[in-house]
1. Limited to segment 201-222, what total is found for residues that are in contact with a His (Cβ under 7 Å, 6 or more places away or on another chain) and farther than 16 Å from Ala258 by Cα?
2. Being under 30 Å from Ala232 (Cα atoms) and either in contact with a Lys or Arg (Cβ under 9 Å, 6 or more places away or on another chain) or at pLDDT below 95 (or both) is the filter here, so list the residues in segment 368-397 that pass it.
3. Yes or no: Ser221 touching an Asp or Glu at 6+ places or on another chain (Cβ under 7 Å) and outside any loop (DSSP other than H, G, I, E, B)?
4. Hey, among Thr82, Thr92, which residue is touching a strand residue (DSSP E or B) at 6+ places or on another chain (Cβ under 7 Å) and modelled with pLDDT of 90 or more?
5. Among the numbered criteria (1) surrounded by 16 or more Cβ atoms within 10 Å (Cβ to Cβ); (2) at pLDDT 95 or above, which one does Thr165 miss?
6. Let me spell it out: the conditions are (1) buried (at least 16 other Cβ atoms within 10 Å of the Cβ); (2) over 19 Å from Met180 (Cβ atoms), and His43 meets all of them except one. Which number is the exception?
7. Considering only residues that are touching a helix residue (DSSP H, G or I) at 6+ places or on another chain (Cβ under 9 Å) and hydroxyl-bearing (Ser, Thr, Tyr), which ones fall in segment 384-432?
8. What single numbered condition from (1) at pLDDT below 95; (2) in a helix (DSSP H, G or I) fails to hold for Leu60?
Amino acid sequence: MQDVLFTDLIIPRLGVAKFDAVKTLSHKVDDIREDNQILFCRHSVDFQEYAAHQAKLPLLELAGPRAKIFFNPRRVKVGIVTCGGLCPGLNTIIRSLVFTAHQYYGIRTIYGFRYGYSGLNPRVGLPPLKLDPDSVDNIHAQGGTILGSSRGPQEAKVMVDYLETLGVNVLFVVGGDGTMRGALDLTQEVAKRRLAIAIIGIPKTIDNDIAFIGRSFGFESAVEEATRVIAAAHMEAKGAVNGIGLVKLMGRESGFIAANAALASCVVNFCLIPESPFRLDKFLPDLERRIKRRHHAVIVVAEGAGQDLIPQTKAAFDKSGNKRLQDIGAFLKNEIVQYFTRKKLEANVRYIDPSYAIRSVAPTGDDNVFCLMLGQSAVHAAMSGRTAMVVGHRNEHFVHLPMTLVTRFRKKIEIHGRVWRTVLDTTGQAEYK
């Protein structure tokens with residue numbers, strides 16, 4: 001834990017908060033005391049490590065409303081942008097931001113920038129939407145995002161010019177680690193010009209792979225929908241002679257959805273994730289033994305698993321700079337069919353790739369609650385004058401985390417941790433190394 005120091009968790013501020021918070025809600029909301037913080041770590045071994053180095057324990061700011069705020073609500077203009085791939089809960093985030101800004105602080109000018117960072121470049125020709133409680137009232141029941149989304153950056157200077165032209169004081173950026181790196185570029189350009197513009201990130205990754213954050217919105221909804229798909233694959237497998245249900249799920253570098261959906265479904269026999277490399281000459285004979293014994297099998301594979309097994313073509317990259325992955329699902333299906341053909345055994349493989357269907361579903365009730373609280377926390381942080389930070393969930397609390405921290409790396413499943421060991425125990429599979 002020594003790679004995270006007390007100083008790494010300091011949240012930048014635009015200035016001193018001098019205004020009294022305007023509370024238009026009918027009920028009392030307790031303000032968060034500035035000195036009320038929580039520990040970044042929670043295991044005794046971490047405490048011992050910091051003590052051994054005589055290091056100050058790292059502390060996290062709790063998210064929530066403050067008694068004093070930096071911005072005068074009467075003069076604030078807000079912008080919202082959603083970037084990257086679709087994820088359940090995006091519309092709920094937008095709704096929460098709009099309602100909190102409007103009802104709690106009385107902010108009346110809220111822009112929704114369309115199709116990601118493209119909407120912050122006026123030369124692209126995508127005028128922003130004007131948002132208010134009426135226009136976003138029922139969007140939480142819909143999948144996707146009413147603002148649209150896209151991948152890829154825009155020049156920070158151009159985007160800040162546009163924010164200045166519109167008079168935007170607060171920009172909420174909803175996206176993954178690539179989006180947050182773009183938001184960091186914005187904060188640096190804002191600081192260079194000495195502008196009072198708060199940039200607040202709301203981490204979005206359906207893969208649940210943002211560093212130092214326990215849970216990201218949309219993840220639970222994705223697992224729930226993936227579980228339904230796995231149940232269908234199970235029925236297909238049982239309905240055919242030596243049936244094999246093969247489901248490919250999201251997970252470029254992290255197998256959280258695959259692992260959790262495998263556990264939730266209780267019918268998966270093999271779960272393959274990027275963090276645990278596997279060999280075909282180990283995996284396929286084990287699959288053969290399962291088919292001979294039970295006459296059906298269900299396989300779940302994360303999209304980033306087994307990339308080293310597939311003959312590589314010339315590397316291509318998407319607009320976010322991510323290397324385009326080969327289709328591990330189609331590759332595995334072909335390898336399984338060829339293997340069983342060589343063994344003179346019948347095998348009927350049913351391959352399902354539900355990725356886009358899962359990304360676009362409406363959020364579960366619990367995810368809606370989670371998104372509501374994330375949006376509220378983001379607005380309170382922005383109005384207090386904080387910037388270059390994200391709101392996230394860690395150690396059972398909504399907290400403030402610097403953008404520089406959450407963009408360090410992508411979170412991955414610990415191969416020797418509880419989740420993966422539970423997957424191995426539940427499926428009965430080996431590690432196939």
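The values are calculated or read from the model by the stated rules, or taken from the named source; none is laboratory data. In this text the structure is predicted, and so the values were computed from the model without any measurement. For neighbour counting, all protein chains shown are included, and Cβ atoms are generated from backbone atoms with ideal geometry for every residue, glycine included.
1. Pass one, segment 201-222, residues in contact with a His (Cβ under 7 Å, 6 or more places away or on another chain): 213-215.
If we keep only those that are farther than 16 Å from Ala258 by Cα as well, we get 213-214.
Number of matching residues: 2.
2. Of the residues in segment 368-397, the ones under 30 Å from Ala232 (Cα atoms) are 368-371.
Once the filter is applied, which keeps residues that are under 30 Å from Ala232 (Cα atoms) and either in contact with a Lys or Arg (Cβ under 9 Å, 6 or more places away or on another chain) or at pLDDT below 95 (or both), segment 368-397 yields Phe370, Cys371.
3. Details: touching an Asp or Glu at 6+ places or on another chain (Cβ under 7 Å): yes; outside any loop (DSSP other than H, G, I, E, B): yes.
So Ser221 passes the test.
4. On the way: Thr92 fails: touching a strand residue (DSSP E or B) at 6+ places or on another chain (Cβ under 7 Å).
The match here is Thr82.
5. Of (1) surrounded by 16 or more Cβ atoms within 10 Å (Cβ to Cβ); (2) at pLDDT 95 or above, only one is false for Thr165: (1).
6. Status for His43: all satisfied but (1).
7. If the condition is that a residue be touching a helix residue (DSSP H, G or I) at 6+ places or on another chain (Cβ under 9 Å) and hydroxyl-bearing (Ser, Thr, Tyr), then Thr387, Thr404, Thr407, Thr422, Thr426, Thr427, Tyr432 are the ones that fit.
8. Leu60 satisfies all of (1) at pLDDT below 95; (2) in a helix (DSSP H, G or I) except (2).
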